[in-house]
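What follows is a single structure, written as structure tokens, with notes after it.
Every number here is computed from the coordinates shown, using simple stated rules; none is lab data. These figures come from a predicted structure and were not determined experimentally. Because the Cβ atoms are built from the backbone with ideal geometry, glycine has one as well, and the counts that use them run over all protein chains shown.
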Amino acid sequence: IYTACYCEWDITKKKLLDGCGHESVDNVIREHCKDLVLSDEQLREVMSKLLLAINKGLDKNTNKEAVVKCFPTYVQDLPNGKEKGKFLALDLGGTNFRVLIIYLEENHFKMESKVYSIPQDIMTGSGTQLFDHIAECLADFMRDNDVASERLPLGFTFSFPLTQVG
């Protein structure tokens, strides 16, 4: 038997109003989550520590030992909203790799994408193995989208610290 209860929530008192028994559940949840609620002072401390970590990551003299790695992005131009044409995008996350082709027009865009899994042995293997896999996925995607013979601008989002050389 399934029952549904629609409780009324008093926003100003942050509690349930209808006496349906959920008050005890509310208290249990509140007790478990109390350490996740930060005071203004704690938030300022987190902000201060994060700012210090970012500045350490941005400084070439302290970047190597920084917890927050900040590397040059090599962004050459900022978008102005008038871009047109075909663009490729790569998005590498923890377990998946996504390849996209974006068709930009004056006031609209079209996008096609495909998600490729990254086998664990490749993700934990050498950089060469990982980038070979990325290249194979990109080649497959470009063939499937009939752009294999075209030279297209490409953006790459990599969720990990990466240093570009050469």
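Observations
- Straight Cα distances below 19 angstrom link K86 to the aspartates and glutamates D77, E105, E106, E112, D140, D144, D146, E150, with same-chain residues fewer than 8 positions distant left out.
- Label positions at N55 and K84, each projected 7 Å from the Cα along the C-beta direction, are separated by 4.7 nm.
- Pairwise Cα inverse-distance average, inverted: Kirkwood Rh of the stretch 26-166 (Å): 19.0 Å
- Simple label model, 7 Å out from Cα along Cβ direction - E65 to Q42, nm: 3.0 nm
- Each peptide in 74-81, 49-56 gets a packing score, the mean of other Cβ atoms within 10 Å over its residues, and the list from highest to lowest is 49-56, 74-81.
- Members of K84/K114; K69/K110; K34/K69 lying beyond 24 Å, as alpha-carbon distances in this model show: K69/K110; K34/K69
- The stretch 64-146: C-alpha gyration tensor shape, a/c 1.5 cut-off, then a/b vs b/c: oblate
- Ranked packing of 106-112, 63-69, most packed first, by mean Cβ within 10 Å: 63-69, 106-112
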